[in-house]
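Q: Please read through the structure below; I'll follow up with questions.
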Amino acid sequence: MKYYYDFHLHSCLSPCGDEDMTPNNIVGMAKLLGLDVIALTDHNTCENCPAVMEVGAREGLCVVPGMELSTSEDIHMVCLFPDLHKALRFSAYVREHTANIQNRPEIYGRQLKMNAADEIIGEESDLLIMASEISVEQAYELVKSFGGFVYPAHIDRDSYSITAVLGDLTPECNHGFAGISYDADEAFLKKMYSVDGVELMQSSDAHYLENMKDAKNTIDLPELTPQAVIDYFAARAK
Ligand SMILES: [Zn+2]
Ligand SMILES: [Zn+2]
């Protein structure tokens, strides 16, 4: 069955994510827009996934725990996991492999951890948008070893994308999928990447509620679970 997805969304834990991107607001807006499945992909952390997944379970929205990983080359990668436990283990791993630089909220924004009641339960003090020590070539096997799947984020963008940093989707980093923005020129991208048979995953990369988009893109899954999403990617991976 086909389900409407958005696999690239930020919460108030991302420094650049608006403070209105609370667990309940994200899930509520996703449902309003007609989405069936979303992934929470904050920069270098999965720590707001527990709350968003709890709200999703309560409200009947499938939430895939995820992360937007900054590689050592400052390339953004969308990481998706089959369950919370694996996501949080990966989140801890990334933390151990990233330099600890203090966030400066007045410059970068606050990094708020919330519970399922949208209450602030903590504030992350380390800046979450630092490049990690994980290279783009290591990322695929590493995320796979945590049970997840990873693909390059927003390849149509001029910054923090694999195309901007490396010039193209290199064979080592092309495993059959790539993320594109909602405002990407789809015809151009399809032409550009059809040779490699790359499936383009179009998501909003919303940092503000108003940047979340009406349901448009679908994924064909036998059932609506995070594991089924991972299985979909794994079965088509190159
Ligand atoms: Zn990004
Ligand atoms: Zn993003």
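The values are calculated or read from the model by the stated rules, or taken from the named source; none is laboratory data. Here the structure is a predicted model, which means the values were calculated and not measured. Note that we place each Cβ from the backbone using ideal geometry, even for glycine, and neighbour counts take in every protein chain shown.
Q: In this structure, does Gly167 turn out to be buried (at least 18 other Cβ atoms within 10 Å of the Cβ), farther than 19 Å from Gly66 by Cβ and not aromatic (Phe, Trp, Tyr)? I'd like the intermediate steps shown before the answer.
A: Details: buried (at least 18 other Cβ atoms within 10 Å of the Cβ): no; farther than 19 Å from Gly66 by Cβ: yes; not aromatic (Phe, Trp, Tyr): yes.
Against the criterion (buried (at least 18 other Cβ atoms within 10 Å of the Cβ), farther than 19 Å from Gly66 by Cβ and not aromatic (Phe, Trp, Tyr)), Gly167 does not qualify.
Q: Pairs please, first residue from the range 150-166 and closer than 14 Å to Val78 by Cα, second anywhere and at pLDDT below 90 and within 11 Å of ligand 2 (Cβ to nearest atom), Cβ atoms under 9 Å, 6+ apart in sequence or on different chains.
A: none
Q: Can I ask one more? Quick test for you: out of Ser125, Ser135, Ser145, pick the one residue that is among the hydroxyl-bearing types (Ser, Thr, Tyr), out of contact with any Leu (no Cβ under 7 Å at 6 or more places or on another chain), without any contact (Cβ under 8 Å) to a residue 12 or more places away in the chain and more than 16 Å from ligand 1 (Cβ to nearest atom). Before the answer, list the steps.
A: On the way: Ser125 fails: without any contact (Cβ under 8 Å) to a residue 12 or more places away in the chain; Ser135 fails: without any contact (Cβ under 8 Å) to a residue 12 or more places away in the chain.
The conditions single out Ser145.
Q: Only one residue in Asp18, Asp74 is farther than 21 Å from Tyr140 by Cβ and either touching a residue at least 60 places away in the same chain (Cβ under 8 Å) or small (Gly, Ala, Ser) (or both). Which one? Give the derivation first.
A: Working: Asp74 fails: farther than 21 Å from Tyr140 by Cβ.
The unique qualifying residue is Asp18.
Q: Just name the residue that is nearest to Glu141 (Cα to Cα) out of those in the range 77-122 that are assigned to a helix (DSSP H, G or I) and within 16 Å of ligand 1 (Cβ to nearest atom).
A: Val94
Q: Still on this structure: Evaluate the range 163-176: report whether one residue or more is within 16 Å of ligand 2 (Cβ to nearest atom), over 25 Å from Gly28 (Cα atoms) and out of contact with any strand residue (DSSP E or B) (no Cβ under 9 Å at 6 or more places or on another chain).
A: Yes: the range 163-176 contains one or more residues that are within 16 Å of ligand 2 (Cβ to nearest atom), over 25 Å from Gly28 (Cα atoms) and out of contact with any strand residue (DSSP E or B) (no Cβ under 9 Å at 6 or more places or on another chain).
Q: Take the residues in the range 11-30 that are within 16 Å of ligand 1 (Cβ to nearest atom) and in contact with a Phe, Trp or Tyr (Cβ under 9 Å, 6 or more places away or on another chain), then tell me which one is farthest from Thr218 (Cα to Cα).
A: Of all residues in the range 11-30, those within 16 Å of ligand 1 (Cβ to nearest atom) come to 11, 13-18, 21.
Keeping just the survivors that are in contact with a Phe, Trp or Tyr (Cβ under 9 Å, 6 or more places away or on another chain) gives 15-18, 21.
Details: Pro15: 29, Cys16: 27, Gly17: 25, Asp18: 26, Met21: 23 Å.
Checking each candidate, the answer is Pro15.
Q: If the Cβ limit is 7 Å and pairs must be 6+ apart or interchain, which residue in the range 99-119 that is of a type in the set (A, V, I, L, M) pairs with which residue that is surrounded by 15 or more Cβ atoms within 10 Å (Cβ to Cβ) and in a strand (DSSP E or B)?
A: Pairs that qualify, where the first residue is of a type in the set (A, V, I, L, M) and the partner is surrounded by 15 or more Cβ atoms within 10 Å (Cβ to Cβ) and in a strand (DSSP E or B), are Ile101/Asp126.
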